Amino acid sequence: MRTEELQQEIREYAKEIGIDKIGFAAADVFSELKERLRRQQELEYQSGFEKGSIEERTEPQRLLPEAQSIISIAIAYPSRMKNAPKSRKGERRGLFARASWGLDYHDVLRERLEKLSAFIQEKVPDAVNKVMVDTGELSDRAVAERAGIGFSGKNTSIITPEFGSFVYLGEMITNIPFVPDSPVEDSCGDCRKCMDACPTGAIVEGGQLNAQNCIAFLTQTKGFLEDEYRFKLGNRVYGCDTCQQVCPKNKGIDFHIHPEFEPDPEVSKPKLIPMLRISNREFKEKFGPLSGSWRGKKPIQRNALIALGHYKDETAVPEMIEVMKNDPRPVIRGTAAWSLGKIGTEEAFAAIREAMELEKDDQVLFEMEKGLEFETLTITN
């Protein structure tokens, strides 16, 4: 079978199995990306979640010696939640970023790519394929850009003409020399809405992100958040969508094509107070299917405490006091103390003082002192 014919059959089969967009790219070295990554490393802008060395992330043949081409896929996900519950006094809610709504996209895309790989193997028995979704060494975005899925916006997201940037990406390295698709022209122009709207200024310049300052990254860390970021977190418990929400290319974009990505409103926009003392088993049952659960419950509980402080939810004070006094994890106890101070009721301040008499951890004591500093601000105001 001629390569062009096989390519067309792959495109048609991809549609059949629920792949919204597919593109083909050469497996050449990603030279420009390599330089960008080196620069990121020098500036210490990396998140630390990246897999592999810079060479492995930019040289496909290090991952598959026979590599000739890379197939990139994109699958659209919703940008609006149907029947979203309201966040009310006494029932304040957090929010998971849109990319974490529905089932874990890693599993869904990997299943689609495995089907595609099996299809290719059936047509070309000596084909050698390697499938990757997000957690692989290659940059999904760099591959998608080269394969014509979309262009890389100033916010570093791949923006497709059809689905905006609300797409999941995955790829397959193969030993078949497919005809490469043409890249999509960058059409950000002089727009800088994403840069101006970023809560922490993490988009340093067009196409350059300091992951260390990015809210999406910070929500996944497990230690104490710096105070400046706590004030920026809002009600986010996982991820951040700001730079996508303000993007003109995403105006009016909302695709509900795949049932597995439809959010359960009670899961993707959960009540905050019940999250504070949720057991490991309950967390796994309720949030385990989300990609946003991959770091476990600790970061999400810490973020929930900060969100309750953001709301100044006085109804949460009794539960937060229990957490501050009895949770075995210093980060959670300390964050609870800080947020109690931010809520600023007499009960909260009294509880912080009482807990300080028994607390042994220096970091937690420091957070308790910071919590009590809000009392001075309350009196002043």
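Things to note:
- Filter result for the condition that a residue is within 30 Å of SER69 (Cα to Cα), in contact (Cβ under 8 Å) with a residue 24 or more places away in the chain and buried (at least 17 other Cβ atoms within 10 Å of the Cβ), over LEU209, LEU233: LEU209
- In segment 189-213, residue nearest to ALA142 (Cα to Cα) [restricted to those that are aliphatic (A, V, I, L, M) and assigned to a strand (DSSP E or B)]: LEU209
- Verdict on ARG281 being surrounded by fewer than 21 Cβ atoms within 10 Å (Cβ to Cβ), among the charged types (D, E, K, R) and not in a helix (DSSP H, G or I): no
- Hits in segment 212-223 (condition: surrounded by 18 or more Cβ atoms within 10 Å (Cβ to Cβ) and more than 17 Å from ARG98 (Cβ to Cβ)): ASN213, LEU218, THR221
- Residues satisfying the stated conditions in segment 355-364, i.e. part of a helix (DSSP H, G or I) and either touching a residue at least 12 places away in the same chain (Cβ under 8 Å) or buried (at least 21 other Cβ atoms within 10 Å of the Cβ) (or both): ALA355, MET356, GLN363, VAL364
- Number of residues in segment 1-60 that are polar (S, T, N, Q), within 28 Å of ALA216 (Cα to Cα) and surrounded by fewer than 12 Cβ atoms within 10 Å (Cβ to Cβ) equals 1.
- GLU114 farther than 15 Å from GLY18 by Cα, outside any loop (DSSP other than H, G, I, E, B) and not assigned by TED's automatic domain parsing to the domain that holds LEU290: no
- Conditions (1) more than 17 Å from the chain's Cα centre (by Cα); (2) in contact (Cβ under 8 Å) with a residue 24 or more places away in the chain: number failed by PRO125: (2)
- Long-range neighbours under 7 Å by Cβ, at least six apart or interchain, first residue over 30 Å from LEU6 (Cα atoms) within segment 178-198, second in a helix (DSSP H, G or I): CYS191/PRO248; LYS193/PRO248; CYS194/CYS243; ALA197/THR242; ALA197/CYS243; CYS198/THR242; CYS198/CYS243
- The residues of segment 166-188 that are outside any loop (DSSP other than H, G, I, E, B) and more than 26 Å from the chain's Cα centre (by Cα) amount to a single one, THR174.
The values are calculated or read from the model by the stated rules, or taken from the named source; none is laboratory data. In this text the structure is predicted, and so the values were computed from the model without any measurement. Note that we place each Cβ from the backbone using ideal geometry, even for glycine, and neighbour counts take in every protein chain shown.
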